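Since the structure comes first, as structure tokens, the remarks are kept for the end.
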Amino acid sequence: MYTDLKGKIAVVTGGSKGLGASMAERFGAEGMSVVVNYHSDEEGAKKTKELVEKAGGKACAVKADVGTEEGIKALLDKALEEFGGLDVWVNNAGVENKAATDELSLEDWQKVIDTNLTGVFLGSQCAIRYFLEEEKQGSIINMSSVHEKIPWPTFAHYAASKGGVELFTKTIALEYADRGIRANCIGPGAINTPINKEKFDDPEQYESTVSMIPMGRIGDPEDVAAAAAWLASDQARYVTGTTLFVDGGMTLYPSFQYGEG
Ligand code: NAI
């Protein structure tokens, strides 16, 4: 627990399930107030709101598409209206779909870039504008992936979006460091959330994924939520422009694990 987080206000995008829900719950346990964004799953967002409240925080759910300026504005407006401010903005919403690049439609490319990259730009910009206006030393956390570094055949649009998130985040970290605004990425490996359900339900794909993780297990959403709480807290006050990988060692060239290769 980080005592400085108590009473702070966060926006978490894509909070109806998966990592967003888990981070919102952890923020609740830290005594924070959370604007839980959802895109279409109102029921999921309601459940997250309850989880936050049960954990000890306050929450409200807001429907918005992160790829639009109106959607992002609605999230800030709600944070101000309901809780009276903003301290932490987590750009977590993300989508993916498998497609060979020679078959990838422009529509699918656009959807992934709009959500994963433009959403991060719009959310970060909105938070930065507010922090500057209020002279607040806020924290921005952007959900990238191990695929900000590792190429991923048949997910070129996803890898491109996450690579973009990495350099975008480093750039804003540098641009606003002298104003005390921090911006970091979390780079999850393979975590047990709905985005991976189909893959992990197939024993062969599950085993093949585990074999790429030196620590030998799929991650839990709580592993990522713990990183988010730390990055949001004053304990990380000198940390900006970095990616904190939460991946059980997936980015460490697993094929070299036992000295072979
Ligand atoms: P998920 O599929 O469980 O949740 C994604 C959330 O984003 C959902 O709540 C969905 O409704 C929301 N969303 C999608 N489009 C949206 C839009 N236009 N506006 C607002 N919300 C929208 O996925 P998960 O696993 O929780 O992923 C969260 C983030 O973590 C994503 O950015 C993903 O790329 C990233 N990530 C996840 C990994 C994993 O293994 N689960 C690994 C690496 C990165």
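The values are calculated or read from the model by the stated rules, or taken from the named source; none is laboratory data. Bear in mind the structure is a predicted one, so any value in this text is a computation, not a measurement. Here the Cβ is made from the backbone with ideal geometry for all residues, glycine too, and neighbour counts use every protein chain on show. Note: accessible area is taken over every heavy atom of the protein model, side chains too, but ligands, DNA and RNA are not part of it. Shrake-Rupley method; radii C 1.70, N 1.55, O 1.52, S 1.80 Å.
Rg over Rh for the chain works out to 0.96, using Cα positions for both radii and the Kirkwood form for Rh. For the chain, modelled as a GNM whose springs connect Cα atoms under 10 angstrom apart, the maximal fluctuation among Ser145, Ser233, Ser161 occurs at Ser233. Reported value for region 154-200: 83 Å³ per residue, from the convex hull of its C-alpha atoms. Here region 1-86 is treated with +1 on each Lys and Arg Cβ and -1 on each Asp and Glu Cβ, and its dipole about the Cα centre works out to around 280 debye.
The charge dipole of the chain, taken about its Cα centre with unit charges on the Cβ of Lys, Arg, Asp and Glu (plus for the first two, minus for the last two), comes to roughly 620 debye.
Counting only protein heavy atoms and using a 1.4 Å probe, the accessible area of Ser211 comes to about 90 Å². In the chain, the calculated helix contribution to ellipticity at 222 nm averages -12500 deg cm²/dmol per residue, counting -39,500 (n - 2.57) for every DSSP H run with n ≥ 4.
Could you point to the residue in Gly31, Ala10, Ala160 farthest towards the positive end of the chain's charge dipole, with +1 and -1 charges on the Cβ of Lys/Arg and Asp/Glu respectively? Toward the positive end, the furthest listed residue is Gly31.
Would you kindly give the portion of the calculated P(r) for region 136-261 that falls above 24 Å, as a percent of all Cα pairs? Walk me through the intermediate numbers first.
Numbers: 2601 of 7875 pairs.
Summing the P(r) tail past 24 Å for region 136-261 gives 33 percent.
Sites count as exposed loop sites when they are GluC sites (Glu not before Pro), lie in a DSSP loop, and have at most 13 other Cβ atoms within 10 angstrom; the longest stretch of the chain without one is 136-259. Of the residues Thr193, Gln137, Gly219, the one whose Cα sits farthest toward the positive end of the charge dipole of region 109-261, with +1 on the Cβ of Lys and Arg and -1 on the Cβ of Asp and Glu, is Gln137. With the contact rule set at Cα under 8 Å and sequence spacing of 6 or more, what percent relative contact order holds for the chain? After rounding, I find 19 percent. Across the chain, the longest piece that holds none of the chymotrypsin sites (Phe, Trp or Tyr not before Pro) lying in DSSP loops with up to 14 other C-beta atoms within 10 Å covers 1-237. Here Lys98 is the anchor, and the lysines within straight C-alpha reach of less than 28 Å, apart from those fewer than 8 places off in the same chain, are Lys17, Lys63, Lys111, Lys149, Lys162, Lys170, Lys197, Lys199.
Placing unit charges on each Cβ (+1 for Lys and Arg, -1 for Asp and Glu) gives region 3-247 a dipole about its Cα centre, and among Leu244, Ile113, Leu86 the Cα reaching farthest toward its positive end belongs to Leu86. With one equal scatterer per alpha carbon and no solvent term, the Debye-computed log10 I(q)/I(0) for region 71-126 at 0.16, 0.21, 0.28 1/Å reads -0.58, -0.79, -1.10.
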